[in-house]
Amino acid sequence: FDDISHGQVWRIVTPMLLHDGFLHVLFNMMWLWRLGQVIEGIKGSLFFGLLVLALAAMSCVAQAGWHEVLGEWQRFIGMSGVNAGLLGYAWMKQKYQPYERIGVTDQEIGLMIGWLVICSLGVVGNIANAAHWGGLLIGMLIGAAPTLLRKFRAGR
């Protein structure tokens, strides 16, 4: 947060551009391609680009904030928090606004959640778990927001 507060605002999204090896970038780009087809095809490139940037920033803040709380620092890179957010977004769109025809399969949901759990258990090493879970939850919230707001307004 120090560098960002001193004007280096790009640091809030640039970790998504860096990867640690071929498999890391391969799997992140496969998820981005799959989820991007679903979301960008319906919502358009501008919306998709803004959603990716928002998820990158928020998952980065979640990870940095988690490490601020713990009092330790960890380098974090990759697109996984964004991809988890895109999955969460598509999942909630499918659940609450199926008429938009944005969705993911049960297998994709299970695979992503299973991977997040495996990472959280420490099986695969030092992983940015707060970025993953933060991205998923933020994406779910963004995807469900229109329905939640409509229900909130109707309940008044």
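The values are calculated or read from the model by the stated rules, or taken from the named source; none is laboratory data. None of the values given here were measured: they were computed from a predicted structure. Positions of Cβ are backbone-derived with ideal geometry, glycine not excepted, and every protein chain shown enters the neighbour counts. Each accessible area value is taken on the protein alone, full model and side chains, heavy atoms only, with ligands, DNA and RNA left out. Shrake-Rupley method; radii C 1.70, N 1.55, O 1.52, S 1.80 Å.
What are the residues in region 32-43 that are among the charged types (D, E, K, R) and either open to solvent by less than 40 Å² (accessible area, probe 1.4 Å) or modelled with pLDDT under 95 (or both), if any?
Filtering region 32-43 for residues among the charged types (D, E, K, R) gives 34, 40, 43.
Once the filter is applied, which keeps residues that are among the charged types (D, E, K, R) and either open to solvent by less than 40 Å² (accessible area, probe 1.4 Å) or modelled with pLDDT under 95 (or both), region 32-43 yields nothing.
So which residues in region 44-55 are surrounded by fewer than 17 Cβ atoms within 10 Å (Cβ to Cβ) and either within 18 Å of VAL104 (Cα to Cα) or of a type in the set (Phe, Trp, Tyr) (or both), if there are any at all?
GLY44, PHE47
Would you pick out the residues in region 56-90 that are surrounded by fewer than 21 Cβ atoms within 10 Å (Cβ to Cβ) and either at pLDDT below 75 or acidic (Asp, Glu) (or both)?
Result: GLY65, TRP66, HIS67, GLU68, VAL69, LEU70, GLY71, GLU72, TRP73, GLN74, ARG75, ILE77.
Among GLY155, GLY134, which is the only one that is of a type in the set (Gly, Ala, Ser) and open to solvent by less than 50 Å² (accessible area, probe 1.4 Å)? Walk me through how you get there before you give the answer.
Working: GLY155 fails: open to solvent by less than 50 Å² (accessible area, probe 1.4 Å).
Going through GLY155, GLY134 in turn, the sole match is GLY134.
Filter region 91-112 for residues that are closer than 18 Å to MET29 by Cβ and in a helix (DSSP H, G or I); which is most open to solvent (accessible area, probe 1.4 Å)?
Initially, region 91-112 is screened for residues closer than 18 Å to MET29 by Cβ, giving 104, 108, 111-112.
With the extra rule that they be in a helix (DSSP H, G or I), the set shrinks to 108, 111-112.
Numbers: GLU108: 31, LEU111: 112, MET112: 13 Å².
In this case the residue turns out to be LEU111.
Just checking, how many residues over region 10-31 are open to solvent by less than 90 Å² (accessible area, probe 1.4 Å), assigned to a helix (DSSP H, G or I) and at pLDDT below 80? If you could, list the steps in order and put the result at the bottom.
First, the residues of region 10-31 that are open to solvent by less than 90 Å² (accessible area, probe 1.4 Å): 12-16, 19, 21, 24-26, 28-29, 31.
Next cut, assigned to a helix (DSSP H, G or I) only: 12, 14-16, 24-26, 28-29, 31.
Okay, now just the ones that are also at pLDDT below 80, so 12, 14-16.
Selection size over region 10-31: 4.
Would you check if there is a residue in region 116-125 being open to solvent by 70 Å² or more (accessible area, probe 1.4 Å) and either touching a His at 6+ places or on another chain (Cβ under 6 Å) or modelled with pLDDT of 95 or more (or both)?
No, the conditions are met nowhere in region 116-125.
Restricting the search to region 118-133, which residues are assigned to a helix (DSSP H, G or I) and closer than 20 Å to ALA64 by Cα? If you could, list the steps in order and put the result at the bottom.
First, the residues of region 118-133 that are assigned to a helix (DSSP H, G or I): 118-120, 129-133.
Listed by number, the residues that qualify are CYS119, SER120, ASN129, ALA130, ALA131, HIS132, TRP133.
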